[in-house]
Structure formats: C-alpha cells, structure tokens
Amino acid sequence: MAAPRDLPGRPAAPGRAIGPAFRAEERPVPAPGAPGEGDARAALEAAVALAVAELGELAARSDAESAGILDFQIELLLDGELTAPAFARIERGEAAALAWAGAMGAHIDTLATDGDAFALRAADLADLRSRVLDALAGRTRADFPDGAVYVGRDMPPSVFLAHDWSKGGAVALAAGSPASHVAILARARGVPMVVGLGGLSVGNGDRLLVDGTQGVVRLHPEERLDAPPPDLAVRAPAALLGGQAGGARLFANIDTLADLDALDPASVAGIGLVRTEFLLAEAAEALDEERHLAAYRRIVERMDGRPVTLRMLDLGGDKALPGLVAGDPGSVLGARGVRFLLAHPDLARLQARALIRAAALGPVSVLLPMVTLPQELSAMAALFDEEAARLARQGVPGRRPPLGIMVEVPAAALTLDLFAEAAFFSVGTNDLVQYLAAAARDNPAVAHLHAGAEAAMFRLLDTIATAARAAGRPVSVCGDLAGDPAAVGRLVALGLRELSLAPSRLGAVRAALQGLTGGAPG
C-alpha cells in the first residue's frame, strides 16, 4: 500500500471528505472539419446559442445565488465584444473551433493583466470557452461519479452546479482561488475544497482526503472519516437544540425559501440573516409589495416564534436584479446597499411597508446593508416611521420593527458609538475584510491579502465587540467567518456569541464549539 503523502494548498471551503480522485481532463479543440464546421460563422453562432440555452436551463433549476452566476455567464456570451474577435478570426480564414479557442485564450490572458472587472471571472471565461467548443464538436458534458474528489486545474461553476453533491465528494484544484465563484458555491453547499495545489500527481481512482479547513489534500490516507450525518441538526442532543452550543447562540442564514424548507427550526435560535435580494428573482417581484410580504410570511410562520432578521435589498455593486439594476463587479465602492435604497426611495418604501406588515406576524427585525454614516440610518428610520404611520391610518396591521445595521464598512465599524439609533449590529465579515484589505473578495489576484489581513480583522472585531457592549447593543456575526470552525473559538472569546451561518455549516460549528468546552460534539 502506498504511503500517505500530504499535498499543501490553500483552504477554500471548510470541511473534510474522503473519496476516489476523478481527474478532469482538458477538452481538446475540435479539429477543422469537425461536424457542423461547413460554414464556420454559422457554426460558431449556433454553438454560442446552444451554450446560452444550456446555461439557461441550468439556471432555471438552480437557487437564486447560483442562477445569478450562470446569468452572468449568459450575459458574457451575449456580449458582442466578447465574441467579435472570434468572428474576426473566422473572416481571416480560421475554422470556428480554432477561432473561438484562440480568441478566448487571448481574451483571458489580456484580462488577467489589465485589471478589467472580467479578470475576476477567469474560471467563468474558461468555462464558456470549453462549453462552446463542446457544442462545436457535438460533445456532451458527462458528470463525474457520486462521492468523488474532482481534481483539475480549475473547476467551471456550471460543472459544479450540474453535479449532485448530496452523496458527498470534494474539490482539489491545482490553481483556483478561495474567492472564485466555485469556491463561494462550495462554501454555501458544504463541499470541502482546496485550491492552489500546483502540480498534482494524482491518478484516477486514487484515494484522497480533502481537508478544506486546513488547506491540505492527503494522497492515500490511512484514516477513515466518521462524518456527521447531513441531518446533524435534527439528531443533536437536546442541550444543543434551540441554537445553544459551547456558549454561543447559532442562527441560520437564508437565501431562498428552499433553504428555509430544508432547515429544522428547532436546530437554531432563529434566522440571523435573510438576504431578501435572493428571494425575489425578477424586478417585477421586487416591485410587488404583496410578493415581498408573502415570502416574509412564509419565513416568520415557519420559524414559529423564533426571531427572524430580514435584511433590506442589498443591490448594486456585484449584485444585479435584471430589469432593475445591472450588476457591475467593478463598482463595489459605488451605489450599493443602503446607498442604492436611499437613491430609490419608492423601492425602499415598498419594501419597508412589507417588512412592517411582516413584523405584525412575529418577532421580525430589519437589517440595513452597507451603512457608512449615522445619517443613512436616520434617513431609513424616518422612512420606516412614515410608512408605519401611513399603514396605521389605512387600518393595515403592522409593527414598526427594530432597525440594525450591517457592520461591513470600516468607517462604521470604528464609529459604532455614533449609531445611537441602531437597535443591534451584525458584522458582515465578507465585505468588511475586502474593504479592510483594499482587495476585492472575488479577485483571485489579491485573494491572498484576505488571509494576510486576518490579524487586522480580529483586532477590528475586538473593537466592534467592545463598542457594542459599551452601547448596550446586541452584536452578531453573519459572514463566512461565523461558519468557519477554526475561527468560532476566537469569535466567542471576543464576546461575539451570536453567530449566523449557512445551514450546511451548523454541524461543523457545533462540534467545534462543543470541543472548546470539552463537551461531546453534537
């Protein structure tokens, strides 16, 4: 039996999994004269159209966050600036496949060095290159075996989304980034992932242990994993139910109603973050007060008396809502979050009315995204007061909910004593670290700076916790850090004892917290 060997990389999605390696081979460029290449321009147009249709079908059966990533890829394929170089090569006599592969390769290489926003999406562009080449060659994309460890240079987001991860598995990449689309998806689904492994001398079927928490892949591991079952939250001992674990209260982050349906309310203290922009997939829904209310009612009723924190629409920057606001990954310093809402008061008032009505149904709090100045909180508080008074005059049941702020802008994090109107604080570590490090969270070229800023982040978290205690305000953590088993002990030690995380991370975080107190993990 071969001796175990550790391959060091970078952690991208926490957790551990063992499985046989599946090596993803590079797809060859179809040779000139392949089926469908009689008229090169028509062949490429048809292949692009087929790729768009396939991505659209995949998006239609995906959750809102995943569909947004696929919609971004569709927009790229429909962008004439992306496809024009390939058609120009065809005009010069190149075959369709060679023209597409050459143009896309040059495009990716250029964008990787010119700082353009598309440079943040190298894996997406490589995915589109392969998908169109497959369409030109008449090739279908075969899935890989259940429970396997996907091994490759990088992993296309659409390949990740097309696979059923419910039977286990993991991802080990020679390149990749912890800030890539596929890493975000892996963390959301609890799929262990390690990137930056370099040259991988791994054969198909080799047994691998992927430790996404430590950032290590072990070839030929001797140990076996006694992994907790997926329904850990339901099976946890009574002492751990209700969200109590190791001195912390655990809440769930919810993106979609499907997330809600899959959650056992008894396993958490409540819902700490509902990203409402993902509940409403279209502009027509976002502009319909009754659609807002129907979604909020589902959540409040499902939680049956447990607290629910609904965040107002966090749009702008890299978050799009087709027909209402176009996403621009390069504008994360622009009009997003509460800035966008205050610039569109009709939309803010519509959502505020739905939130006020939902608050009459149960313990609802409202969270304001991307707050920088106390004046922004004051303006939204006045708006809520006005809409609550209007509903009361109309005889519509409602309750003006408490308003809290996301602490994700360093200027706000350092001046919490000035936010006297805030009923509570919730730390969004994903955005806070990118602004603290001046490094976009989805730019692979600067992803290493996030890890390098860890000391600064925890010092700032200490400042936040101290300021919240001095103000007598509750404070929670709702970013990825709250779902990292390696970080939760430090958070609790700082006094940050309310953690809101993806439901898929509840089991691992419970076990980590119980380990701190010497109790049996749930």
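Please give the length that would be gained between ALA423 and ALA382 if that part of the chain were fully extended, namely 0.36 nm times their separation in residues minus their C-alpha to C-alpha distance (nm, one decimal).
Working: separation 41, 0.36 × 41 = 14.76 nm, distance 1.44 nm.
Here the segment from ALA423 to ALA382 would lengthen by 13.3 nm.
Given Cα pairs under 8 Å that are at least 6 residues apart, what percent is the relative contact order of the range 269-320? Could the numbers behind the result be given before it?
On the way: 46 pairs, mean separation 30.8, N = 52.
Value for the range 269-320: 59 percent.
Divide, for the range 242-516, the radius of gyration over alpha carbons by 2.2 N^0.38 Å, where N is the residue count. Display every interim value, and only then the final one.
Values: Rg = 17.8 Å, N = 275, 2.2 N^0.38 = 18.6 Å.
That ratio works out to 0.96.
List residues of the range 395-437, by number, whose backbone nitrogen lies under 15 Å from a label position 7 Å along Cα→C-beta of ALA360.
395-401
List every residue whose amide H lies under 5 Å from the amide H of SER365, counting only residues 5 or more places away in sequence or on a different chain, with H placed 1.01 Å from N in the peptide plane.
VAL308, THR309, LEU310
Starting at the first residue of the range 338-353, write each ³J(HN,Hα) from the Karplus equation 6.51 cos²θ - 1.76 cosθ + 1.60 with θ = phi - 60°, in whole Hz, x for Gly and Pro.
So the J values, rounded to whole Hz, are 5, 4, 5, 5, 5, 7, 10, x, 5, 5, 4, 5, 4, 5, 4, 4.
Spin-label point model (7 Å from Cα, Cβ direction): what's the LEU333 to ALA84 distance in nm?
Once both label points are built, they end up 2.8 nm from each other.
Once you sort the root eigenvalues of the Cα gyration tensor of the range 413-522 as a ≥ b ≥ c, which label holds: rounded (a/c under 1.5), prolate (a/b larger than b/c) or oblate (the other case)?
Values: a/c = 1.92, a/b = 1.09, b/c = 1.76.
Verdict is oblate for the range 413-522.
Would you grab the residues whose amide H sits under 5 Å from the one on SER476? Only those 5+ places off in sequence or on another chain, please, with H modelled 1.01 Å from N.
HN-HN under 5 Å from SER476: PHE425, SER426, VAL427.
Once the Cβ-Cβ distance between GLU25 and ASP143 is put in as r, and R0 is 22 Å, what FRET efficiency do you end up with, to the nearest 0.05?
Details: r = 14 Å, r/R0 = 0.65.
The pair GLU25/ASP143 has a calculated efficiency of 0.95.
Could you check what % of the DSSP bridge pairs in the range 242-516 are antiparallel, to the nearest 5? Show your work: numbers first, answer last.
Details: 4 of 28 bridges.
So the antiparallel bridges in the range 242-516 amount to around 15 percent.
How far, in nm, would the chain grow between ALA175 and ALA60 when pulled straight, counting 0.36 nm per residue and subtracting the alpha carbon separation?
38.5 nm
Work out from phi, with θ = phi - 60° and the Karplus expression 6.51 cos²θ - 1.76 cosθ + 1.60, the ³J(HN,Hα) of each residue of the range 291-296, listed in order in whole Hz, and give x for Gly and Pro.
For the range 291-296, the Karplus curve yields 5, 4, 4, 4, 5, 5 Hz.
How would you order 148-156, 390-398 from highest to lowest mean count of nearby Cβ atoms within 10 Å? Display every interim value, and only then the final one.
Details: 148-156: 22.9, 390-398: 12.8.
Answer by packing, highest mean first, reads 148-156, 390-398.
A short reminder: the numbers here are calculations on the coordinates, not readings from a lab. Note that this is a predicted model, so its numbers are computed, not measured. FYI the Cβ positions are ideal-geometry reconstructions off the backbone, even for glycines, and counts take in every protein chain you see.
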